[in-house]
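The values are calculated or read from the model by the stated rules, or taken from the named source; none is laboratory data. From a predicted model like this one, the values you see are computed outputs, not experimental measurements. Note that each Cβ is placed from the backbone with ideal geometry, even for glycine, and that neighbours are counted across all protein chains shown.
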Amino acid sequence: MQPQDPQRAYGDRVAVVVVTYWPGDMLEPFVASTRAASSGPVRIVLADNASGDGVPQRVAAEHDDVELVEIGENVGYGTAANRGVAALGPEYGWVVVANQDLEWRPGALDVLLDAGRRYPRAGSLGPLIREPSGEVYPSARQVPSLVAGAGHATLGQVWPGNPWSTAYRRSTEDVSERDAGWLSGSCLLLRRSAFDSVDGFDPRYFMYFEDVDLGDRLGRAGWRNVYVPSSEVVHVGGVSTGRPEVSARMLAEHHRSAYRYLADRHARPADAPLRAALRAGLAVRSRIAAARAGR
């Protein structure tokens, strides 16, 4: 997405940008639950990363409030979201970026919008996200420091209760309305002027950490990331990333994005040995994780 003038005047309408990739039978329930999530009109934009199942095209053709943005290739989550946002007119001052395998609780979008109007410096707002089991997903987290991020990455699987992972996942316990370092990109309400002021998602992230990076950059620019647990959604699960040919790549992308995020924040020439150590350590962890997954 090309940088836009952050002073541009936007209206008060809301649109939902959904990044689609082989959505299967999850897209219709998403559209239906989105309509029930707000009492007002909501435009739904499908930013499609070259799905091969024809579902985004069919859903857009069958619903007047659904628009299709055909990207033509799989450009990743953040870049696709940027293109979906760029397709919107200036009347849309609020944009939700959401996963295709999500279901809204009735009225949940109205609750997020009300909070956005109560917090004029809120650049992003996120709901409470539940797993299908009802368990709360840790969607409002601290920005990871180098030590905390390394501790969580290294010990999270073998010692889930380690202090770094516990702190990183603290939103499963603290469900009050509060500021967070970053909010999960699986469902994120964005003030469009704030989103434009930091040039949207960083396109260098194909998938993973684009939401961590966005939350950090919004915070550095003076915006707030506000967790609104009175709004609820259910994240059904990775219908596209669970496909065998995709999941192996996603495992590698997760570690590549982790390195990108940490390297960007330790970019001085004097930090070169640290970056080398990070790259080597994450490469080892990626191989171990792939072996455990049987790949």
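Of everything in the range 129-145 that's of a type in the set (Ser, Thr, Tyr) and assigned to a loop (DSSP other than H, G, I, E, B), which residue is farthest from residue 228 (Cα to Cα)? Outline the logic, then answer.
So the first thing to find is which residues in the range 129-145 are of a type in the set (Ser, Thr, Tyr), and the list is 133, 137, 139, 145.
Restricting the remaining residues to those that are assigned to a loop (DSSP other than H, G, I, E, B) gives 133, 139, 145.
Details: 133: 21, 139: 11, 145: 24 Å.
The residue in question is 145.
I'd like the full set of residues that are over 20 Å from residue 120 (Cβ atoms), part of a helix (DSSP H, G or I) and touching a Ser or Thr at 6+ places or on another chain (Cβ under 7 Å), limited to the range 183-241.
Matches in the range 183-241: 211 only.
Suppose we filter the range 10-27 for residues that are surrounded by 23 or more Cβ atoms within 10 Å (Cβ to Cβ) and free of Cβ contacts under 8 Å to residues at least 60 places away in the same chain; how many remain?
Counting residues in the range 10-27 that are surrounded by 23 or more Cβ atoms within 10 Å (Cβ to Cβ) and free of Cβ contacts under 8 Å to residues at least 60 places away in the same chain gives 0.
Does residue 85 qualify as being among the hydrophobic types (A, V, I, L, M, F, W, C), within 23 Å of residue 213 (Cα to Cα) and under 19 Å from the mean Cα position of the chain (by Cα)?
Here the answer is yes, as residue 85 does meet what is asked.
Could you look through the range 157-182, keep only residues that are assigned to a helix (DSSP H, G or I) and farther than 23 Å from residue 103 by Cα, and pick out the one that is modelled with the highest pLDDT?
163
Check residue 76 against each of (1) more than 21 Å from residue 122 (Cα to Cα); (2) over 20 Å from the mean Cα position of the chain (by Cα) and name the one condition it does not meet.
(2)
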